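Inspection log for the structure reproduced underneath, given as structure tokens.
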Amino acid sequence: MNTDSLDGATPFTPKERLLRVLRREETDRPPVACMGGMMNAAIVEIAGNCPATLPGAHWDADQMAELALAVAKQTGFENLAVPFCMTVEAETLGSSVDLGTLACEPKIVSEPYQSIAEVPDLDRESLLGAGRIPVVLKAVERLAAAGTDMPIIVSLTGPISTAASLVNPPAFFKELRKKREDAHRLLSRISLFLGEYARRAVRAGADVIAIGDPSATGDILGPALFEEFAVPYVREVVRAAHAQNAPAIVHICGDTDSCRALWPLMESEAVSVDAMINLAKLKSFLPGIVTMGNLSTYMLEFGTADRVARRTEKLIRDGVDIIAPACGLSTSTKLPVIRAMTDTVRSRRRGT
Amino acid sequence: MSEENKVLFRGLSDAVVNLEEEKAAELAREVVEKNIDAYEAVDKGLAHGMDRAGRLFEEDEYFVPELLIAADAMYAGLDILRPHIKVDSSSEPGKIVVGVVEGDTHDIGKNLVKIILEAKGFTVFDLGRDVPPETFVQKAQEVGADIIGLSTLMTTTMPGMAKVVEILRASGLRERIKVMVGGAPISAAFARKIGADGYSANAIEAGELASRLLAEIRAAGAQAAAG
């Protein structure tokens, strides 16, 4: 399908449309987006046929920008998104990372600390200039300079997931109860670090800050610890984006029904959720919430284009504000199936 | 059971469910000093407490941090009691190999499964995370495992589970070794599709499933021996 003819008649550019939705203003139709980071769409079919390939684009700003442009162009997602992994923050803070291959995403090899108390003080200034954060920021500048009408989303890994990539996760989760003050101190330092990263990303040209915090799920923490440890520190990062006049989207993994009343406390403009959450129901529970999601990535990998198109139709009918994958896409997901999703949204007009 | 033993076992159980590691160790030492049957203290005390903690987990009263701390209390007692358990050859524990499939490094769920299986008396061989399919089969063969337990949190790595079943089939081990799968994106339908023997939605169910699969294996073995 020719996307130019689809977009030609619409009154909004993709950037205007996404920003309007996040401001709860009227639009012609929902945007279809993919927030990057843990939920990036740099599938093998794209990265394998692009001069800017993976894993190289994880540490080269030019390649990162070029691949982000190729992903948007080929998938039909109406945004540019960097980076293509969720390891940038933890690696900067000291975790050893395997940057993977074309087909395998980067992953944390081992957490350097066995206890929260072992994590040294973070020197924000020097850290932000180290590791791959400057690469991401430079890629954002390149994307901004490319002058497209796509919104640029920079995807950050949230405080709990970053902390659980630094400290051995079972120890970390136990110490949330057993060493509360240590945990608060660490999360506070991490959220300040992430906040500064967010600020710099917006100054480099990001239009939206996305925060993926898969470990900050009610499934793992339960509502009490979610409220005590996830909400305030995710909100810190959201507020850092807001201080730069950029909206924020928070992605939450898992079936977090028990925590959903707490989501608005994070103050993000939109909440992106996993496939098992019924977004229509969520909207009646939290009126006014801007929802993003939640097409099953399992269906995207193993389902047919037809089924994906039908499922996408249903999400639109349910009033989901931003149509997006529900979780991280498999790198072996096929382009025609993703196109079935994006074309279904992009061929929509209000009231059709 | 004497009244004194009963109180002590209840104390051990309470220490686990109330997340009191030191209390569990203290009571376990008391069991040893008083020459009370260590196996019974584990069964009616520590494992009983872990079972209660597991039920609270299923009821959304406890979550991962609580279950992990309860396990610490159980292990604190177990470390003290284990050397005093009289080996009973008539009831050989089931052997199970567990791990997170290749490509995934999320192992919280697998760790919980391991805890529950150990509380149920299984001998658990933990391969850790990011484990290639072949390694599961090699390890299972090497230790003579009854069951292989596969976990993943990522849709991307689910095909690795099917691969394990295929390798077992290709090496003629499929009849002898049961396969159970679990993890957030996994469903009973997926388990059936790849030919696994069972699916569990959480660690507590995984413990029950493993016990059921072991009972099937033992029953089939007894039948074969009788036939």
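At least 3 residues that are of a type in the set (D, E, K, R) in each: list the helices (runs of 4 or more DSSP H) lying fully within region A:254-352 that qualify.
Output list reads A:305-317, A:335-346.
Can you run down the residue pairs with Cβ atoms below 6 Å, 6 or more apart or on separate chains, where the first is in region B:101-122 and away from chain A (no Cβ under 14 Å) and the partner is open to solvent by 40 Å² or more (accessible area, probe 1.4 Å) and in a loop (DSSP other than H, G, I, E, B)?
B:121/B:93; B:122/B:93
Name the single residue, out of those in region B:135-159 being over 21 Å from the mean Cα position of the chain (by Cα) and open to solvent by 20 Å² or more (accessible area, probe 1.4 Å), that is farthest from the other protein chains (Cβ to nearest Cβ).
Among those residues, the one meeting the criterion is B:159.
Take residue B:155 and decide whether it is in contact with a helix residue (DSSP H, G or I) (Cβ under 6 Å, 6 or more places away or on another chain) and free of Cβ contacts under 8 Å to residues at least 60 places away in the same chain. Walk me through how you get there before you give the answer.
Details: in contact with a helix residue (DSSP H, G or I) (Cβ under 6 Å, 6 or more places away or on another chain): yes; free of Cβ contacts under 8 Å to residues at least 60 places away in the same chain: yes.
Answer is yes for this residue.
Return yes or no: is residue A:216 among the hydrophobic types (A, V, I, L, M, F, W, C), without any contact (Cβ under 8 Å) to a residue 60 or more places away in the chain and part of a helix (DSSP H, G or I)?
Considered against the rule, which asks whether it is among the hydrophobic types (A, V, I, L, M, F, W, C), without any contact (Cβ under 8 Å) to a residue 60 or more places away in the chain and part of a helix (DSSP H, G or I), residue A:216 comes out as no.
Being away from chain B (no Cβ under 14 Å), surrounded by fewer than 21 Cβ atoms within 10 Å (Cβ to Cβ) and more than 19 Å from residue A:17 (Cα to Cα) is true for just one of A:317, A:310, A:348. Which residue is that?
A:310
Buried (at least 24 other Cβ atoms within 10 Å of the Cβ), closer than 23 Å to residue A:126 by Cβ and within 13 Å of another protein chain (Cβ to nearest Cβ): does that describe residue A:191?
No: the conditions fail for residue A:191.
Report the residue count in region A:161-181 for those that are touching a residue at least 40 places away in the same chain (Cβ under 8 Å) and more than 14 Å from every other protein chain (Cβ to nearest Cβ).
1
Condition first: over 13 Å from residue A:263 (Cβ atoms) and either basic (Lys, Arg) or open to solvent by 30 Å² or more (accessible area, probe 1.4 Å) (or both). Now tell me which residues in region A:234-249 satisfy that.
Residues of region A:234-249 that are over 13 Å from residue A:263 (Cβ atoms), as a first pass: A:236-237, A:239-247.
The answer is A:236, A:239, A:242, A:243, A:244, A:245.
When residues of region A:145-174 are filtered for being surrounded by fewer than 18 Cβ atoms within 10 Å (Cβ to Cβ) and in contact with a helix residue (DSSP H, G or I) (Cβ under 7 Å, 6 or more places away or on another chain), how many remain?
Adding up the residues that qualify gives 2.
Could you check region B:176-187 and list, in sequence order, the residues that are more than 14 Å from chain A (Cβ to nearest Cβ) and open to solvent by 20 Å² or more (accessible area, probe 1.4 Å)?
Residues satisfying the conditions are B:176, B:178.
For residue B:211, work out the one condition from (1) of a type in the set (Ser, Thr, Tyr); (2) under 25 Å from residue A:300 (Cα atoms); (3) touching a residue at least 60 places away in the same chain (Cβ under 8 Å) it doesn't fulfil.
With (1) of a type in the set (Ser, Thr, Tyr); (2) under 25 Å from residue A:300 (Cα atoms); (3) touching a residue at least 60 places away in the same chain (Cβ under 8 Å) applied to residue B:211, the lone miss is (2).
With respect to the numbered conditions (1) more than 14 Å from chain A (Cβ to nearest Cβ); (2) buried (at least 23 other Cβ atoms within 10 Å of the Cβ), which one is the sole condition not fulfilled by residue B:171?
(2)
What number of residues within region A:330-341 are touching a strand residue (DSSP E or B) at 6+ places or on another chain (Cβ under 8 Å) and surrounded by fewer than 24 Cβ atoms within 10 Å (Cβ to Cβ)?
Within region A:330-341, residues that are touching a strand residue (DSSP E or B) at 6+ places or on another chain (Cβ under 8 Å) and surrounded by fewer than 24 Cβ atoms within 10 Å (Cβ to Cβ) number 0.
For region B:106-134, enumerate the residues that are open to solvent by less than 20 Å² (accessible area, probe 1.4 Å) and assigned to a helix (DSSP H, G or I).
Passing the criteria: B:110, B:112, B:115, B:116, B:117, B:133.
For residues that are open to solvent by 10 Å² or more (accessible area, probe 1.4 Å) and more than 23 Å from residue A:125 (Cβ to Cβ), scanning just region A:200-216, find the one that is farthest from the other protein chains (Cβ to nearest Cβ).
A:207
Of all residues in region A:218-232 being open to solvent by 10 Å² or more (accessible area, probe 1.4 Å) and in contact with a Gly (Cβ under 8 Å, 6 or more places away or on another chain), which is nearest to the other protein chains (Cβ to nearest Cβ)?
The extreme case among them is A:220.
For region A:69-124, name all the residues that are within 14 Å of chain B (Cβ to nearest Cβ), open to solvent by 20 Å² or more (accessible area, probe 1.4 Å) and either part of a helix (DSSP H, G or I) or within 24 Å of residue A:17 (Cα to Cα) (or both).
Within region A:69-124, just A:91 meets the criteria.
Considering (1) in the same structural domain as residue B:159 (by TED's automatic domain parsing); (2) surrounded by fewer than 20 Cβ atoms within 10 Å (Cβ to Cβ), say which one residue B:60 fails and leave the rest.
So the condition that residue B:60 fails would be (1).
Does residue B:27 fit the bill of being among the aliphatic types (A, V, I, L, M), open to solvent by 40 Å² or more (accessible area, probe 1.4 Å) and outside the structural domain of residue B:183 (by TED's automatic domain parsing)?
No.
Each row is one residue, and each column tells you yes or no for (1) among the small types (Gly, Ala, Ser); (2) in contact with a strand residue (DSSP E or B) (Cβ under 6 Å, 6 or more places away or on another chain); (3) part of a helix (DSSP H, G or I).
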| position | (1), (2), (3) |
| --- | --- |
| B:184 | yes, no, no |
| B:193 | no, no, yes |
| B:199 | no, yes, no |
| B:207 | yes, no, yes |
| B:215 | yes, no, yes |
| B:219 | yes, no, yes |
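The values are calculated or read from the model by the stated rules, or taken from the named source; none is laboratory data. Quantities reported herein were computed from a predicted structural model and do not represent experimental measurements. Positions of Cβ are generated from backbone atoms using ideal geometry, with glycine treated the same way; all protein chains shown enter the neighbour counts. Each accessible area value is taken on the protein alone, full model and side chains, heavy atoms only, with ligands, DNA and RNA left out. Shrake-Rupley method; radii C 1.70, N 1.55, O 1.52, S 1.80 Å.
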